[in-house]
Structure formats: C-alpha cells, structure tokens
Amino acid sequence: FPVFCCCPGAGQDVGRSCILVSIAGKNVMLDCGMHMGYNDDRRFPDFSYITQNGRLTDFLDCVIISHFHLDHCGALPYFSEMVGYDGPIYMTHPTKAICPILLEDYRKITVDKKGETNFFTSQMIKDCMKKVVAVHLHQTVQVDEELEIKAYYAGHVLGAAMFQIKVGCESVVYTGDYNMTPDRHLGAAWIDKCRPDLLITESTYATTIRDSKRCRERDFLKKVHETVERGGKVLIPVFALGRAQELCILLETFWERMNLKAPIYFSTGLTEKANHYYKLFITWTNQKIRKTFVQRNMFEFKHIKAFDRAFADNPGPMVVFATPGMLHAGQSLQIFRKWAGNEKNMVIMPGYCVQGTVGHKILSGQRKLEMEGRQILEVKMQVEYMSFSAHADAKGIMQLIRQAEPRGVLLVHGEAKKMEFLKQKIEQEFHVSCYMPANGETTTVLTNPCIPVDISLGLLKRETAIGPLPDAKKPKLMHGTLLMKDNSFRLLCPEQALKELGLAEHQLRFTCRVHIQDPRKEHETVLRVYNHLKGVLKDYSVQHLPDGSITVESILIQATAHSEDQGTKVLLVSWTYQDEELGSYLTSLLKKGLPQSTP
Amino acid sequence: MAAHLKKRVYEEFTKVVQQQHEDLSTKKLRLTKPSKSAALHVDLCKATSPADALQYLLQFARKPVEVESVEGVVRILLEHYYKENDASVRLKIASLLGLLSKTAGFSPDCIMDDAINTLQNEKSHQVLAQLLDTLLVIGTKLPENPSVRMRLVEVACKHLTDSSHGVRNKCLQLIGCLGPVEKGVAKEAESQAAKDVQKIIGDHFNDQDPRVRTAAIKAMLQLHERGLKLQQAIYSQACKLLADDYEQVRSAAVQLIWVLSQLYPESIVPIPSSNEEIRLVDDAFGKICHMVSDGSWVVRVQAAKLLGSMQQVSSHFLEQTLDKKLMSDLRRKRTAHERAKELYSSGEFSSGRKWGDDAPKEEIDTGAVNLIESGACGAFVHGLEDEMYEVRIAAVEALCMLAQSSPSFAEKCLDFLVDMFNDEIEEVRLQSIHTMRKISNNITLREDQLDTVLAVLEDSSRDIREALHELLCCTNVSTKEGIHLALVELLKNLTKYPTDRESIWKCLKFLGSRHPTLVLPLVPELLSTHPFFDTPEPDMDDPAYIAVLVLIFNAAKSCPTMPALFSDHTFRHYAYLRDSLSHLVPPLRLPGRKLVSSAVSPSITPHEDPSQQFLHQSLERVYNFQHLDPQGIQELLEFTIRDLQRLGELQSELAGMADFTATYLQCQLLLIKALQEKLWNVAAPLYLKQNALASAAAKQILEETYKMEFMYSGVESRQVVIIHHMRLQAKALQLIVTARTTRGVEPLFGMCEKFLQEVDSFQRCFISELPHMQGSFVDKLLDLMPRLVTSKPSEVVKILQTTLRQSTFLHLPLPEQLHRATANIIEPTGESDNPLRFTSGLVVALDVDATLEHVQDPQGTVKVQVLYPDGQAQLIHPKPADFRNPGPGRHRLITQVYLSHTAWTEPCQIEVRLLLAYNSNRSKASTRIPKSTWSESLEALPPSENGIEGTIPFSKPVKVYIMPKPARR
C-alpha cells in the first residue's frame, strides 16, 4: 500500500506551496500557494499536472489550506474558479476569516496597480470562499466514509494548523508552516503521538538553530525605549498580518509595564480589520492572552492608536508601525523619507527584505539613496535589523518529529542544500526514511497498513480461555479460518467456516517414523519413551495406553521393532493437522534420542 | 507557711471543681447520641428495592458513628452485603466499610477476616476495587501488625491478574502502601506471595493499561517513601517508560528516575549507542532534561522541577543545559549572550546593532552537529522559553537551586536569569528576581547585565521594583560605572515613583557599604564639588540628594579617605541625616567632629549600643521609684514615657521595645493617677461625676493591655503574665469604680463573680509564673482568695481597693526581640480632591494597598475598616490571597474594598483604616489549640466569658472623598 506524494510546488523551494497526496486511493491537495517572485504563469502551481483531461473535482477528494499566507493560499481562487474545482476546501476558522482579506489585497495590487488582466476577480474570491468548510482544532472531520482529517495547532500565524489526513489506518501529517517556540501572541505547535506513515514538514530553517527569543525581544525593546527617551521617532515597517501583531503586543505590554507615555501609531487599512479578527480568535493565541482576556483583550490596544498622515510631522517621540514591510512603497516609505534626515530617529526592520528594495539597501549599509526624480536622500537615522520569524528551526523540526513519531519524513518548503543536511540528521537520529522531492517529482512511500479483521466472539472466547491471560503487548497465536467474502475479512472457527461455505471437512494426518537405538524389548522402550515424555512435557497429558501405545494429548506414538535390526526400534508418531505444532516438537524431541538414563 | 498551705488547699479545691465539670459535660453528650446500628438494621430490612437500600445507606453515611458501635454496624452491613444482589448497593456497603474503619479509636482487625472473605465471591470489578480500597484503609490503620499486612498483600497479589484495570490499580496501590519494607521480614515470611514486592510491581510496568502502569510506578514510589531501597535494575525499566504514550505514566516515570538517581548516583550505566559508560546520576539527568521538551506540559513541569534537586550531577553535564549550539546555514553562530560578553571583554561597549552583526563565523562539521542529543543540551534554554508559564517558573526555580550549589553554574546561568526579567508574566519576572537575589553571593554582575537588570526598575508593578531593590542590596557590581549606572537608574525610579523612597534609600545604603572603593572615585561628581569653585548647596529635603548622601556616607564608613572630599555643607547634612535617618546613615569618624566623637567614644563600650543602654537605665530608674513620693513617681513616669517615645522614633530597631515599655509605663501611670483620685476618700454618691477619670483610665488600661498583647511580635509568656496582671488590675479598678458609683447590690454580685472567675483563670494559666510575682496584686489577692469567695460584694470591693493600693509595681522584663505591628496605607493616598463618584445603591471598588510589618498570621487578623460620615462602620475581611509576603516579617495587602451608600447631596470623606483583630481565647500564653477542636468546642460550650474579641486600629486612617449620586430615572 504505497502513499504517493508529489509536489507541483514547494518541493525544494520556498513559496508556491502545493502538495498532492494520494493515500489509499484518496487524493488530497495540501495548500494552494503562489510564488511572490514571479509575475507570469510560474506564480501559480502547474495544475495541469494533476490531471490532463477531466475535471479536478473528480480527481481530488479535498483541498486543505494550512494558513492564510499567500504562499499557501494565493492560488486558491484561480484554482477553484478559473481552473475549476467544486469539491470541499478545508481550513481553520481564523484562516477562513482572514484569507479573503489578503486575497483581495493581492488582487488589488496585481490588477489595479499593475494593470494585469486575466486575473481572478473579487467575485471569484467570494465564490471560492463559499466552498470552504471551516474546522476546529482537534476536530475530526469526515470528508467521506473513509477519509478523515484533523487539525492541530501550528503556532505560525493566527489560525495556522497542521493537518492529519487519515484513511483507514494509514495516515499522513502535513505541518504547513509551524513554530515550536512560543512568541508574544501565539503558542507553540503541538501534536500528539499519532505515528503517521508520513510526516510532511516544512524545512525553512533546516540548518539553523536559533538563539533564545528573549534576547531579541529585549534588544528590540531597549532600542525602541532608548530612542523614545532621547526624543526620537521610531519607524517599524511591517506587513499587515502576523509579525505586526506580535510586535504590537510586545510594545503594548512594555509601555504598560514601564508606564511610558510616547504615542504608538499603527497605519490604518488592512490592519484594523485584521486586529479585529485577532480580537475574535482569542482561543488561538497563547496562554497569557487567553488567560488575561477576561479582564482585558490584549488586542484592544490601549497605547496604540490609528495613524494619520499628519501625525508624521508632530514633534516629540513616537513609534509608528507602517506597511509595507520592505520599504518599497506606500506609507512606510513616505514616513521614512520624512524622518531619515534626523540622527535621533530610528528605523527597525523586523524581517527579511528582497533585493532592490529600499529596505535591503539601507540594511546593507547604504547611506545615500537615490529616490525617484534624481533626488538624493541622505540617511542619518539609525538602521536596525531584528529578525522575528516564526518558523521552526532545526531543533524544532526534530522535536516535532520526536513528538509525532512518524514512520517516514518528507521535507518540503525549503532549500535543497539545507534539506540535505536535515535529511541526513533525521535518518541518523530516528532511523526513519526521509525524502526530499523536487518540484514535480513523485515520491512513493511504502506502508505496512494493518488490516482489521472481524473475529467471531465464540472463537475469541474459546481461544483466550486457553493458555495464560491475554496481554495486549504480545502477539498471540490463534487457530481459526480467515474468510474473505464480500470485501470483508472475518476470522471464524473452522466448523462455522465450513458450514458457511458449505464444504465438507477433511482430516489431515501426519505420520512420522523415528528410529531409536534401543536393544531392549518393545514395551520397555515404550515405557522409557513414556517416562521421558512424561518428564519433559509436564504441562500436557501423557498417557500410556494398555495396547502399548502412548498418547500425548491427541498424538499417537507406537513402537515396533525394526524388521531387520532388532536393536533399532521404530517409533511411529502420528498427529492431526491441528496439532502440528506439538507434533513436530515431539518428533524433534524423539529424534534427539532418549536420555542415557540408568534402566 | 499558713499562707502557703491555704494556697495548696485552694489549688486542690479548684482542681476538683474542674473535673466535676468535665464529667458532667461528657455524660450529657453521651445521653444525646442515639444508637445507630439498630436503626440501620431496621432501615435495611425495610428496604424493598436496591434503590431504597442505597438511599438509606447514603443517609446513614452522612452521620458520624461513635467508636463503640462501629463493630456492630459493620456486622450488619456485612450481613446485608451477602444478601444483596445489586452491585451498586454492595459498592456502597464496601465504601462504608472503609469509611467506618477510619473512625478514630476503632481497631479494625476484628473485621479484617470478614472483609477478605467478601472478596472471594465477588464478581463485579467495581465492587472488588472498592473492597480492596477498604482493605487498604484497614491495613493502614494497623501499622504495627506485619502478619496482617502480609496477608493483605497476598490477597492483593492474587487479584493482580484481574482483567479490570481498576482492580489491578487498587491491588498495586495496596502493595505499595502495605508491602513489606525491610528485607528481613520478607525472607522470614515463608509464604510465596510475599517474595519480592518490587518484582511483582515491576512486572506491571508493562501492563496494557496506562492507568495500571501509572499505579505501578506510584506504588514503587510509595515503597520508596516508606523506606524500601529500590533495586537499581528498575532503572532501565523506568527509562523505557519515559517514552510511554500517556502523560501520567511519563510524569510518574520521571519521578521514579529521579528517585533512583538519588539512590545510586555513582553507579555506572552504559550508553546504549556506544560502549562508553557514565554515572547513573548523569544519565538520569540527561534523560530528565530530555523530558523538558516533552509534548505534555504536565511532564515538562515535573521534569523541570526535579532537575533542581539533582545536585550531584557533574558540572560538565550541568553546563550543557545552558548550551544550545547555535548555527545558521550550517555555520557556527554565537549567541547574543556570547556576543555581549565579548563586547564587554574587548572594552568596547554597545556599538549598536549592524545588519549582519550576528553573521555566522566558522563552518560546522555537519557530522558533529547533534540536533537532538541524548544529553542535557539546552534543557534550560527550552524550559525558560516554554509556552506555559508554569514550566518557566519551575525552570527558574530549578536554576536557582542548582546555582546555589554550584558557583560556576551560577555565573553561567546569570544571562538567562537576566533575560527572564522581561518575561511577559509578572509572576515569572518576580520569581526570577527572587532567584537572582538568592544566588547573588556567587555572582558579580557585568555592566551589560546590570543594564538589563536596571531597565526593569521602571516597571509599574511595585512588587517587581521592590524585589529588584532587594536584589540590588545584595549584588556585587564590578565597576564604578556600574555603580554610577545603578545610582542614576535608581534616581530615575525615584522621580517616577516617589513612594519607593524608603526602599531606594535602603538599597543605596547596602550598595554603598558593599562597594566603598568603587564609590570613592565617584564622590566629587556625585556631590558636584569643584576644586576651585564653591557650588551651591543642594536642597536638603530633596529625596534624590538624600539618596546620594546615603550611598556616600555608607561607603565612607569603611573608606576613611572619603570624608576629605566632602565640602562643608556635606558635614552639616551628615549631622542632620544621622539624627533624622539614623537607620540609614552609619556613624562616621569625621575629622570636623573629632571633639564630639572622641569625647563620647571612650565612655561607651564599643559593643553596646548607647541607646539600648539608655533604655535600660531609664527603666532601672523607674523600677526603683518605691521611695519617691506620689507626685515624684508620676513625674518620673511621665518623663520616662516621653523619653522612650522619642527614643522609639529615633532608633527604629529599638522602636518596638521602647513603645512596648512606654505603653506599660503609661498603664501604670494611669493606674496610679486613678488610685489617687479624691473620690476614694469621699462617700460614693457625692462623686458621681468625678469618677469619669477613673473609669476612663480603667478602660484605657484595658485597651492598652490588649494592644501590648496582640500588637507586638516576639512577646514571650513572661511578658504576657505581666500584661494580664495589669489587665486584672484594671478590671479590679473597674469593679471598684462601679461599686462606688452604682446604688444597689444586685449588679455587683455578677461583677464580683466574674472578677473572681477571672482571677481563677489567671491563676490556672500562669501557675508557673506565680513565684516571680511576689508582692504583686495577684499574689496578695490569691492569699485572700478564700476570704473573698465567701464574703459579700461590698467587702470584696473593700479588700480589692486596699490590695490595689498596696501592691507593688511589677518589673517588666524585656524580650530579645520585640517588634510592633505597623501598617501603612499606601493607597488610597488621601490627597485626592476628586471625589469618587458612583451611583447610589451600586457598588464601587476602592483599591487598597498597604504594607504590614511584624504582623503574625495577617490572613487571619488584619481587617479593613471603612467609616462613613454617618457613623456607620463596615468591617471587611480581605481574602487570604490578597496578602503577599515580600520578605521575612513583612506583608503586603493589596485588596479591593467595596463601598456603597445611599445618595448624598455633596461629596464627603470616608475613613479607611486597618484593624488588627484579636481574640483573647487565642492568646499566646495558652497553648494553641488546633483549629478544628477549637471550633468544635465552640459548638459544644457557650463562648466563655473571657473570650473577648476585639480589634485594634494599627494604621493611620486615610480619608477618601466619595460621592454617591442618586440614580437617574
């Protein structure tokens, strides 16, 4: 029973997550992402790969989206509306709530700003969302009679989940993106010992072991605090969702703790809506927020207010969160231009910046920037970099593998070179096979599924009555007949099986001759054999019958003198098929000969 | 001699009375109790259906059964048990049997055989389990009987093969609790079942049911607790259980491993993958560390807690727990901690972060990196970063314990502890600050660490700030910049939170006296002196300036060169501060004050404090006043009281002592004054008005004696006698005054009776102290007792009056340590002009924040009183959780008081104050009775007459402006 797994996207690559899993005849698509780096056809996964002709709906049993990042759900409307898929799409409640906002934003940028045509429309997003079925954490959802899925907390962003896909007793766990160290607003990923046949895990930080989060947080807070105390302004370019909320909470609690008065602003638009959802989905956040929310919802910021363009020119210290995160356009760039000239001010880049953006330039130390219109902007403000990333590092990945105890691991969503290292480590530590398919490559994983068999109650009772108490940890030998009929397996006692099938019973008897060197008389030999067996087989009933034969349970032993050599006695051992075990043991025992005991 | 004899007679007489009284009460009690067994039997026979029977049993279980009838009840229950077909009724009977055998004073060996017999034919698993539970109770009631235990263990072993997990559970529990502990016993007993309990339990480590596995491990732990030495062979079994699927099994297994590691720390175990061998304690440590990253937080907490107590672990392993080898793209990366350290040691300080500052350096050999080690790698790093704060707290505690035993580890864990100061949960922050304080002997803070520590000073939580001040009191700082930084931050703290003043001054006092050499170079800058120019004299009332001076003066104590740097006004300020804040400013040998100090110094012995001496001298003087005339005595007392009160204000460490004695003298003074009233010489009816003074005095003395008894901690029984004696005198005075002023004899009878009873109880309580009280009021009174008992009230009064006048003044011995309970309400401050507005009829919550010092058992005694302008008073009992204990002898009350009132026309002030509740029944002299019996006796007996409950106000009242508005329609 192989599990097939192939990656139209995300194989040895970051972005455009899309994995197809075929498990026990069921086909599941995991994530449906787009690639940030491309603007042509390559931005979406190659869906023609799934099926050349024929509808996707017929081929796929369900689609699962792990979280709302565009590299995991960006291609969804295209896939469902433009390519055409009508089956169920599963995601968690927060993902379902936030996903359309991001998709709409993405659509606006591509269509309205870049002027692309042949892109999905708002209506398509809405239609697509109608196909979504929302799931709760740890809720087992029965997709059809055999396929079931279950979500686990992943901690990467609000609503991020890992999914277990199970058919019969074969299962696959897909992690999506996850984080094993808790942060200020989300908890750590957790999974039980579900022992899947295959664990598909992301491996963004396959070769990194990260420092404690506290150092980074402390540094960040100290930088902000110092600047504010100096009377400077702090600009933090962020993307609207995820890290922004974490940093907000961090600053909010710090402000509260330290009784600071300087204003914090949050640029409007997307974020307000998003914050609203964060407020709603408190149960998806970490322990602290969940516990304190009765007194106060942590996302109802006391110190953080909405930003207005005019505020940028206000005197005095302030902290501003502005979008977008890489300083390439929009509000964050406007503010940056206003504040760059003052060395009291500071800009903190909380994430990675793509080459070519202003963010990347200033981070690499450039102090003079050429803006549009040949304008030269001199950057006097301090530039800081703080990495707040929510992926599991190498240790975290190993920890998750240890928790789930899979029989095989498949690495996706990472760079090939790094995966190689992790793969080697996983094989070495856990002694499980590890795979890292490239895009478009199909991996076949063989599984040893257990097949449930119904046993008739009579047989079970009869068999357990014999011998010692049953112990679930040890296999137990049973005698019975396996009946495969009408796509079901049943274990019956032979008589019933015969009756059901209408067959007559045949007796099968084995007979074996054993030669023994014994000069004595026949009955003496028999007596010696009897005594020997009596001594060895204490648990069985050994009887010496008056006609000179011995019975051990139902096995018959007779001794005759050899026709040619009187010193050799021939022992005739005869047993039925049912007593095969004991019979063969007896023969081997007799073949060893009798003990040279004193007569 | 005659007097002595009389006393003896009287004593015996009282004893007889006492016993009669007791006998009577017990007889009464027995009469009221009904016989239970018969009623139960009737009930059970009446029961027609199992449901009925169950109802009867349930009702029966609610009432207690007296010892004598337990056996009868048990027989009836057993009889019914055999007849009963319904399993639920049998179950209830079985549980009742267990309950009954718990009855105090009942020895259950008589019912044991029956209980074991019931097991034989029982089919229901639930009932079986319950019966085994009953046997367990019976077994634990008979600890002195090994043969019974042996039998019970045998029974349990027999049922270990049961198919129900519940039964097996109970069997294992029973074996664990009752199994033979000494090896010798096991050998002597020839019975088969009692072979090796450990093996029997060990076999169930692999049971199919997780609950049974847990029970097996728990039973093993139970055996260990009872003193059985577990075999080392169990270790490998236990290690396998660490990988169990169920969290409770893992949690118990971690405990077992810990126990074994403590038992066999030095034995050698092999490492499975290689042929190396390590000490068992190290191996166990590694395994438990591994569990710190377990999937279940319960196990994580357990593991983190146990790590702390594994002190024998070798330092190599210990230090690994803090090491998490960082890497980035397969290249070694330094942690932020390492970078900070490097920056510090290279002399460069905080260069500001650059992009790529943390760029990875050397390449790592891919083979050498172990991502999940079997070792202890990074256990604490993980524990401290855990999602659940319970785990983080446990990890911090463990760090604390390990660091206390290993200085090198303390040095290493410092960075991590400092990081925890920024945890999102206050409890964790507080815990880590406390931890740091506990290990502060072993560590010296680096400048960058100090920086982080000091940043927390701005925390808005007072708890955190105070804990941090405590920490700074006992920290070692390495450089003078560090001291300067600390001072600057503390001053900043002071301006932001002026209420922290005392705490900050105290902190600076210790900081100064610990680092005199580091303060020395800072002095000119701190005092802003200039070599050529005179600088303006700073404001003496500025708390910040006082803070600086406290630091400097304390440093100057052990640094004789420092005073040379002071300017003139500094000396003047010193003199002032030495007087006003003597607890913060040490005596200095200053060049300018040489004359004064040298004149005084030879006269006093260096090791005795002059103020203490003064206290004793003045007391001496008072106690020898016998020969003075009444006027002189009064004056002397008045002066001494004044002196003592002043002394208490000046010397905080003597305040308790001085106040205590002053109060006592005050009482005496009042007594003397009252007795010298003219009214005694004149016929009573004429002086109805003048008695005001005497009765007021008596009342005040009573109050003061309660204060003396309950407000001071450290009062010993010697003092309590004297206090009670004083109270007795006051009561006598009261009696006399009433006798003088009231007409008619009837009320006097009662009062006399009561008074005599009090004398009686006084004698009973303090019989051992009586010999020390020669010539006192009580001594004389007891001599006259037989006469008093028989005489009329008017005579009694007469006798009392003369004895009171003749009695001598008792010498009050002082205890070693005496502290007065004080309370200070920090919030509300009482300064607000804005009234607290709320709708009448509704409730408003007022935050009350107060510090309590030297209050014993504040949860039980401290109350909040709210006085409304209309005279209405409200007493609020704060919740026990509202009290915090920041240090020995100190408590902090943070609570909310709910106010409500009908509408007022204009805002008005209410008063909030703290009260100390006392109950003379629970006085310190009488041996403390356990609470349960005390409450029972309350129910049985009417509250005794001398059980006076009252309250003492012990804080300054604070006024709060409130305004209940009429509700809007």
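Odds and ends about this structure:
- When the range A:395-451 is filtered for residues that are more than 24 Å from B:HIS290 (Cα to Cα) and in a helix (DSSP H, G or I), the ones remaining, listed by number, are A:ALA416, A:LYS417, A:LYS418, A:MET419, A:GLU420.
- Restricted to the range B:461-500, and to residues there that are of a type in the set (Val, Ile, Thr) and within 14 Å of chain A (Cβ to nearest Cβ), the residue that is farthest from B:LEU526 (Cα to Cα) is B:ILE464.
- Options B:PHE285, B:PHE317: the member that is out of contact with any strand residue (DSSP E or B) (no Cβ under 7 Å at 6 or more places or on another chain), in a helix (DSSP H, G or I), modelled with pLDDT under 85 and of a type in the set (A, V, I, L, M, F, W, C): B:PHE317
- Criterion violated by A:LEU147 - all others in (1) within 26 Å of B:ASP419 (Cβ to Cβ); (2) more than 14 Å from chain B (Cβ to nearest Cβ); (3) aliphatic (A, V, I, L, M) satisfied: (1)
- Verdict on A:VAL514 being of a type outside the set (Asp, Glu), buried (at least 18 other Cβ atoms within 10 Å of the Cβ) and free of Cβ contacts under 8 Å to residues at least 40 places away in the same chain: no
- For B:SER261, the conditions (1) among the polar types (S, T, N, Q); (2) closer than 15 Å to B:GLY286 by Cα; (3) in a loop (DSSP other than H, G, I, E, B) are fulfilled apart from (3).
- Hits in the range B:228-258 - residues which are under 20 Å from B:VAL197 (Cβ atoms), under 38 Å from the mean Cα position of the chain (by Cα) and assigned to a loop (DSSP other than H, G, I, E, B): B:LEU228, B:LYS229, B:LEU230
- Residues of the range A:362-391 classified as among the aromatic types (Phe, Trp, Tyr) and without any contact (Cβ under 8 Å) to a residue 12 or more places away in the chain, total: 0
- Test for A:GLU272: is it within 19 Å of A:LEU221 (Cα to Cα) and assigned to a helix (DSSP H, G or I): no
- Filtered residues of the range B:778-796 (kept if over 17 Å from B:ARG727 (Cα atoms) and either hydrophobic (A, V, I, L, M, F, W, C) or touching a Lys or Arg at 6+ places or on another chain (Cβ under 8 Å) (or both)): B:ASP783, B:LEU784, B:MET785, B:PRO786, B:LEU788, B:VAL789, B:VAL796
- Within the range B:244-294, being within 14 Å of chain A (Cβ to nearest Cβ), surrounded by fewer than 21 Cβ atoms within 10 Å (Cβ to Cβ) and among the charged types (D, E, K, R) holds for B:ASP244, B:ASP245, B:GLU247.
- Subset of the range A:339-394 that is away from chain B (no Cβ under 14 Å) and in a strand (DSSP E or B) - its residue that is surrounded by the most Cβ atoms within 10 Å (Cβ to Cβ): A:LEU369
- Residue check for B:PHE883: buried (at least 16 other Cβ atoms within 10 Å of the Cβ), without any contact (Cβ under 8 Å) to a residue 40 or more places away in the chain and not assigned by the TED database to the domain that holds B:LEU430: yes
- For the range A:150-191, a tally of residues being more than 14 Å from chain B (Cβ to nearest Cβ), closer than 18 Å to A:TYR278 by Cα and touching a strand residue (DSSP E or B) at 6+ places or on another chain (Cβ under 6 Å) returns 2.
- Residues (assigned to a helix (DSSP H, G or I), modelled with pLDDT under 70 and under 30 Å from B:CYS667 (Cβ atoms)) located in the range B:580-629: B:PHE625, B:GLN626, B:HIS627
- Candidate set from the range A:216-245 (those that are within 32 Å of the chain's Cα centre (by Cα) and either within 13 Å of chain B (Cβ to nearest Cβ) or basic (Lys, Arg) (or both)); member that is farthest from A:PRO263 (Cα to Cα): A:ARG216
Yes/no matrix, rows are residues, columns are (1) at pLDDT below 80; (2) not hydrophobic (A, V, I, L, M, F, W, C):
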{"position": "A:ARG374", "(1), (2)": "yes, yes"}
{"position": "A:GLU378", "(1), (2)": "no, yes"}
{"position": "A:ALA394", "(1), (2)": "no, no"}
{"position": "A:LYS417", "(1), (2)": "no, yes"}
{"position": "A:LEU422", "(1), (2)": "no, no"}
{"position": "A:SER433", "(1), (2)": "no, yes"}
{"position": "A:PRO437", "(1), (2)": "no, yes"}
{"position": "A:THR447", "(1), (2)": "no, yes"}
{"position": "A:SER456", "(1), (2)": "no, yes"}
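- Scanning the range A:17-49 for residues that are in contact with a helix residue (DSSP H, G or I) (Cβ under 6 Å, 6 or more places away or on another chain) and of a type in the set (A, V, I, L, M, F, W, C) yields A:CYS32, A:MET34, A:PHE44, A:PHE47.
- Scope the range A:192-215; condition within 13 Å of chain B (Cβ to nearest Cβ) and either crowded, with 18+ Cβ neighbours inside 10 Å or of a type in the set (Val, Ile, Thr) (or both); matching residues: A:SER203, A:THR204, A:TYR205, A:ALA206, A:THR207, A:THR208, A:ILE209, A:ARG210, A:ASP211, A:SER212, A:ARG214, A:CYS215
- Inclusion of B:LEU487 among residues that are touching a residue at least 40 places away in the same chain (Cβ under 8 Å) and not assigned by the TED database to the domain that holds B:CYS400 is warranted.
- Filter result for the condition that a residue is buried (at least 19 other Cβ atoms within 10 Å of the Cβ), under 30 Å from B:GLN631 (Cα atoms) and modelled with pLDDT under 75, over B:LEU733, B:LEU728, B:LEU679, B:LEU686: B:LEU679
- If the condition is being assigned to a helix (DSSP H, G or I), of a type outside the set (Phe, Trp, Tyr) and without any contact (Cβ under 8 Å) to a residue 60 or more places away in the chain, then the range A:289-317 contributes A:ARG290, A:LYS291, A:THR292, A:ARG309, A:ALA310, A:ALA312, A:ASP313.
- Any hit, the range A:164-183, residues being of a type outside the set (D, E, K, R), free of Cβ contacts under 8 Å to residues at least 40 places away in the same chain and in a loop (DSSP other than H, G, I, E, B): no
- Count of the range B:404-427 residues which are more than 10 Å from every other protein chain (Cβ to nearest Cβ) and within 20 Å of A:PRO182 (Cβ to Cβ): 2
- For the condition within 9 Å of chain B (Cβ to nearest Cβ), small (Gly, Ala, Ser) and either touching a Pro at 6+ places or on another chain (Cβ under 8 Å) or more than 27 Å from A:ILE249 (Cα to Cα) (or both), A:GLY414 does not qualify.
The values are calculated or read from the model by the stated rules, or taken from the named source; none is laboratory data. Keep in mind that what you see is a predicted model, and the values were worked out from it rather than measured. Glycine also receives a Cβ, built like all others from the backbone with ideal geometry; neighbour counts cover every protein chain displayed.
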